[in-house]
1. Based on the Kirkwood radius over alpha-carbon pairs, what is the Stokes-Einstein translational diffusion coefficient of segment 153-244 at 4 °C with 1.567 mPa s viscosity, in µm²/s?
2. Using alpha-carbon positions, what is the distance between the centroids of segment 82-99 and segment 229-244, in Å?
3. Where nothing but the Cβ of Lys and Arg (+1) and of Asp and Glu (-1) is charged, how large is the charge dipole of the chain around its Cα centre, in debye to the nearest 20?
4. Is there a quick way to get the dipole size of segment 17-151? I mean about its Cα centre, with the Cβ of Lys and Arg at +1 and of Asp and Glu at -1; what is the value in debye to the nearest 20?
5. Could you pull the Rg and Dmax for segment 1-144, using just the Cα atoms, both in Å?
6. With Cβ to Cβ distances under 15 Å as the rule, what net charge do the other residues near residue 285 carry (K, R +1; D, E -1)?
7. Could you give the longest part of the chain that holds none of the chymotrypsin sites (Phe, Trp or Tyr not before Pro) found in DSSP loops with at most 16 neighbouring Cβ atoms within 10 Å?
8. Among the GluC sites (Glu not before Pro) within segment 36-102, which fall in a DSSP loop and have no more than 13 other Cβ atoms within 10 Å of their own Cβ?
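Throughout, read-outs are computed from the coordinates displayed, never taken from laboratory work. Since the structure is predicted, the reported quantities are computational estimates derived from the model, not experimental observations. Cβ: placed from backbone, ideal geometry, glycine included. Neighbour counts: every protein chain shown.
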Amino acid sequence: MSALNQVKQTERPWALSTPPPFPAIAMKVLELLGHEDDVDVREVVRWLQADPVFAGEMLRVANSALYGLRTEIRSVHQATINLGLDFVKAVAVTVGLRAYVKSAVKAPILRRCWTHSMACGILSQELAHACFMKGDEAYTAGLLHDIGRMGLLAAYPVEYANVLNVAVDYSFDVLHCEKELFDIDHCEAGAWLAEQWKLPAQLGAIARHHHDNIVAFSAQHKPDLLAIIALACKLADALDFGVVTARDMWPAEKIINYLPDAAKMRFPKDIAALKASVNDRIQALG
């Protein structure tokens, strides 16, 4: 059975007994767009327009340098019709996740959690494009791969910051430190939250398995979405967008070598320019 289908139901962890709810509008958009064969565009637009603040923030983000569009987006309806539902989903999830952790990322170490998730989303999109896969879908999955970490830091920002500081100061494994304090690591927490929030099963599996071992792909076979996110996570670390300095840090060149030959040719060659571009897009959110 594929790892993407192995999200296991668990009892409610005490550390997630009172996690803040993910923004309802973003959740509804994910639910509506999860049924790719039967999407009612008008209902998607109605939900997004029902919250003027959320809709306004969506338009601000869509028109920011994060997406680098050539034309100004003036309405949710325009974005949906002209740019497609995958784009709308990516923007809605970006705004939703930003709102979810906004009050908790004031400490620099917690700010790095947000930066890492953004970098992973952007790099997932780049890797997906190189592999002839849907970029917006990969962006959303990359952005949400650490939803368990976001849940823990949103519920316990001070305690989670301490976990990360200890991991940094003593070069401890973050997953082990999380288990010691919370009885659950952020991968397990992500799978549990994805199930509770009724996110697509694929996103829950990615949350659970993105730190699993990565296998090499032949020139004839492209990676699946889980592999794209796992590679993007390691690449974000290599480009200094990690939450903590990994003990087994891979250089960017090694990560790119895991791609099929055709994808290597399409992926940006200038690593320094790629890092600068990712940083500029993250900063565009303000």
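1. The estimated diffusion coefficient comes to 88 µm²/s.
2. Answer, in whole Å: 22.
3. Roughly 660 debye, rounded to the nearest 20.
4. The dipole of segment 17-151 has a size of about 720 debye.
5. In order Rg, Dmax, the Cα atoms of segment 1-144 give 16.0, 47 Å.
6. Spelling it out: positives minus negatives among the neighbours equals +4.
7. It runs 1-131.
8. 36, 72
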